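Novice: Dropping the structure in here first, questions after.
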Amino acid sequence: MEKVRGFEIAKGFEDKNINLPVRKTAKSAGYDVEAAEDTIVPAFKMGMKPTLVKTGLKAYCPSDEYFMLVNRSSNPIKKGLVMANSIGIIDADYYNNQDNDGHFMFAFYNFFDEDILIKKGDAIGQVIFQKYLLVDNDNATGIRTGGFGSTSK
C-alpha cells in the first residue's frame, strides 16, 4: 500500500505506548490526539510562555497539503486550556525534519486559577488534513532545515 497521509510514532517515543490518532465517528473531520506523557499546564501569569504538550507523533501528507492542530471544543470550558496560536499549521516538509523528526506538539495556556494536569493518554486535540492553493506567480524554492518555528529561518 502506498503511503499518502497518516501518522507514525516520532523518534524517542517508540517504547512509550503511543496510540495513533483515530476518528471517533464516520463524519468526524479530525483525528483525536492523546498526550504522550503527564504534563502540568500551570495557571496563566502575564509574560509566561505556553506549555508544549508532547504527542509522540509525526504525520506525513502530500506536498500540496498541511495539517492543522485544533483544540478540543471542551478544553476551554472543562480545563481552561486554549491553544497559544489558536490553531497550529504543520507543513508537509515538517515530517522527518532533522531537529525533531517531525514530532508535533500542542502549545497550551491554562486560564484557570489552578494548575491543570494532563495525563498520558488524555485526548488533547485533533489533527485535520487540508489541501492548499498556490497563487499564479508563486516561486517558493526554500527547503526546511529545522523543526518547530523553522519556516522563517
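The values are calculated or read from the model by the stated rules, or taken from the named source; none is laboratory data. Please read these numbers as outputs of a predicted model, since none were measured by experiment. Note: ideal-geometry Cβ built from the backbone for every residue, glycine included; neighbour counts use all protein chains shown.
Novice: Report yes if some residue within region 107-115 is modelled with pLDDT of 95 or more, touching a strand residue (DSSP E or B) at 6+ places or on another chain (Cβ under 6 Å), part of a loop (DSSP other than H, G, I, E, B) and hydroxyl-bearing (Ser, Thr, Tyr); otherwise report no.
Specialist: No: zero hits.
Novice: Being more than 16 Å from residue 53 (Cβ to Cβ) and acidic (Asp, Glu), is that true of even one residue in region 118-128? Quick ask: steps written out before the conclusion?
Specialist: At the first step, the residues of region 118-128 found to be more than 16 Å from residue 53 (Cβ to Cβ) are 128.
Next, only the ones that are acidic (Asp, Glu) stay: none.
Checked against the condition, which is being more than 16 Å from residue 53 (Cβ to Cβ) and acidic (Asp, Glu), region 118-128 yields no hits at all.
Novice: A further question follows. Under 7 Å by Cβ, and 6 or more places apart or on different chains, what pairs join a residue from region 113-124 that is charged (D, E, K, R) with one that is in a loop (DSSP other than H, G, I, E, B) and surrounded by 15 or more Cβ atoms within 10 Å (Cβ to Cβ)?
Specialist: 119/35; 120/35; 120/36; 120/37; 122/35
Novice: Among all residue pairs at least 6 apart or on different chains, which show Cβ distances below 6 Å where the first residue, located in region 20-36, is under 12 Å from residue 7 (Cβ atoms) and hydroxyl-bearing (Ser, Thr, Tyr) and the second is modelled with pLDDT of 95 or more and in a strand (DSSP E or B)?
Specialist: 31/127
Novice: Could I ask something else about it? Given the options 79, 58, name the one that is charged (D, E, K, R), surrounded by 11 or more Cβ atoms within 10 Å (Cβ to Cβ) and over 22 Å from residue 8 (Cβ atoms). Walk me through how you get there before you give the answer.
Specialist: Values: 58 fails: over 22 Å from residue 8 (Cβ atoms).
Just one listed residue meets the conditions, 79.
Novice: Considering region 88-106 alone, what residues qualify as being within 18 Å of residue 70 (Cβ to Cβ) and either among the aromatic types (Phe, Trp, Tyr) or modelled with pLDDT under 95 (or both)?
Specialist: 94, 104, 106
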